[in-house]
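See below for the structure under consideration.
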Amino acid sequence: MQIIFLGTGTSHGIPCIACSCAICTSSDPKNARTRASIWIRHRHLSLLIDTSTDFRFQAIREGMTSLDAIFFTHAHADHLHGLDDIRPLCRDKTMPVYGNEATLTEIRSRFNYIFEDTQKGGGKPKIELISLGNGAVDLGDLAVQPVPIKHGSLDILGFRLGGFAYLTDCSGIPEESYKLLENLEILVIGALRDKPHETHFSVPEALAEIGRIRPERAYFTHLCHNLEHQELLSRLPPNVEPAYDGQVLDLGD
Ligand SMILES: [Zn+2]
Ligand SMILES: [Zn+2]
Ligand SMILES: [Zn+2]
C-alpha cells in the first residue's frame, strides 16, 4: 500500500493569501502546503480521503489517472470543495462517495446541482452517496474502517486501512476509538500549531496521542503557517515527522 500526501496544510493553505510571514515566504518547498488530503494506492485500487479545495492541482501534480472511491472525513470546505473536479475520473462510471450522515447531508445541500435533474454533458460529477456506520467497508483487497473522532463539538471520521490510520482535524479521540488504532505501522495525525486550538490538536497534544497509540511511525498533517518544516522536524522524536505535499509512504501489505 502506498500513501501519497496530496496536501498537508490547514484550511487557508500555505502560503496564506496576503501573509508575508517567514513560513509563507519560505523558499523550502516543504513549507508550501496545499489543503489536506491523501491518496491511497493498493494493488489495483485507488482511493481518496477528502477532495480538498486544491484537488485539481494535486491530482495533476501526482499523475492521478484513476479513482475507485472517495471517503470523506467531514464536510468543511477545505476537505470537500474540490468534489466537482473529480469529473474526468468518473466519466465512465458512478463514483462511490462514503461519509457519515452529517457529511452526506452537507454534500446534498452544497452540491445540490449534482442531484437535480438538469442537463448532464460533462458538467456534473457522477456520484453515489453511501452512508458509513461503524463497520468497515470491504473493497475486496482492502477494508476501510471508519474511526469516530471529535473535531471540536463535531463528530467526524478518521480512517484505518490495514496498518495505516489517518486522523485529520482531530481534537479528541473517544475511548472506544483507541481500540481501532492498535498495532499501527503508520499514524497520520493533525497538528495545527504549537498553541492549543478549540478544534484541532496542537503539536504537544498530537505527541501525547502518539504516546498513547504507539504507532511505529507518525506524521503530522493539517499544519498552519506557525510551523516551519525543518525547525519542527528537529524537535520531534525520531519516529515522528511533519508530512509534506507529495511525500510518499510505503507500507507492507
Ligand atoms: Zn481542515
Ligand atoms: Zn504566513
Ligand atoms: Zn475541519
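The values are calculated or read from the model by the stated rules, or taken from the named source; none is laboratory data. If you're wondering where the values come from, they're calculated on a predicted model, not measured in any experiment. So basically every Cβ, Gly included, is an ideal-geometry build from the backbone, and we count neighbours across all protein chains shown. For the accessible areas, the whole protein counts, side chains as well, though only heavy atoms, and no ligand, DNA or RNA atoms are used. Shrake-Rupley method; radii C 1.70, N 1.55, O 1.52, S 1.80 Å.
Yes/no per residue for (1) within 16 Å of ligand 3 (Cβ to nearest atom); (2) among the polar types (S, T, N, Q):
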position	(1), (2)
ILE17	no, no
ASP28	no, no
THR34	yes, yes
ILE40	no, no
ILE49	yes, no
ARG56	no, no
ALA59	no, no
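Scanning segment 31-42 for residues that are farther than 18 Å from GLY63 by Cβ and open to solvent by less than 40 Å² (accessible area, probe 1.4 Å) gives ASN31, ARG33, ALA36.
Residue-by-condition table, conditions (1) over 15 Å from ILE70 (Cα atoms); (2) buried (at least 17 other Cβ atoms within 10 Å of the Cβ):
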{"site": "ASP85", "(1), (2)": "no, yes"}
{"site": "TYR98", "(1), (2)": "no, yes"}
{"site": "GLU116", "(1), (2)": "yes, no"}
{"site": "LYS124", "(1), (2)": "yes, yes"}
{"site": "ILE127", "(1), (2)": "no, yes"}
{"site": "ILE130", "(1), (2)": "no, no"}
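Considering every residue within segment 171-181, establish whether at least one is open to solvent by 10 Å² or more (accessible area, probe 1.4 Å) and either polar (S, T, N, Q) or closer than 16 Å to ALA36 by Cβ (or both). Within segment 171-181, one or more residues are open to solvent by 10 Å² or more (accessible area, probe 1.4 Å) and either polar (S, T, N, Q) or closer than 16 Å to ALA36 by Cβ (or both).
A single entry from LEU207, LEU223 fulfils the requirement of being in contact with a Pro (Cβ under 9 Å, 6 or more places away or on another chain), open to solvent by less than 20 Å² (accessible area, probe 1.4 Å) and modelled with pLDDT of 95 or more: LEU223.
Does segment 57-72 include one or more residues that are closer than 26 Å to LEU249 by Cα and within 14 Å of ligand 1 (Cβ to nearest atom)? Give the steps one after another, and end with the answer.
Initially, segment 57-72 is screened for residues closer than 26 Å to LEU249 by Cα, giving 57-72.
Keeping just the survivors that are within 14 Å of ligand 1 (Cβ to nearest atom) gives 72.
Within segment 57-72, one or more residues are closer than 26 Å to LEU249 by Cα and within 14 Å of ligand 1 (Cβ to nearest atom).
Residues in segment 152-170 that are part of a loop (DSSP other than H, G, I, E, B) and within 19 Å of THR199 (Cβ to Cβ): GLY152, SER153, THR168, ASP169, CYS170. Residues in segment 43-58 that are at pLDDT 95 or above and open to solvent by 10 Å² or more (accessible area, probe 1.4 Å): LEU45, THR53, ASP54, ARG56, PHE57.
Within segment 154-171, the set of residues being on the phi < 0 side of the Ramachandran plot and within 16 Å of ligand 1 (Cβ to nearest atom) comprises LEU154, ASP155, ILE156, LEU157, GLY158, PHE159, TYR166, LEU167, THR168, CYS170, SER171. Pairs are defined by a Cβ separation below 7 Å, a sequence spacing of at least 6 or placement on different chains, a first member in segment 9-30 that is in a loop (DSSP other than H, G, I, E, B) and open to solvent by 90 Å² or more (accessible area, probe 1.4 Å), and a second member that is more than 16 Å from ligand 3 (Cβ to nearest atom) and among the hydrophobic types (A, V, I, L, M, F, W, C); no pair meets this definition. For segment 111-168, enumerate the residues that are touching a Lys or Arg at 6+ places or on another chain (Cβ under 7 Å) and without any contact (Cβ under 8 Å) to a residue 12 or more places away in the chain. Hits for segment 111-168 are TYR113, PHE115. Checking ASP84, ASP92 one by one, the residue that is over 17 Å from LEU132 (Cβ atoms), assigned to a helix (DSSP H, G or I) and among the acidic types (Asp, Glu) is ASP84 and no other.
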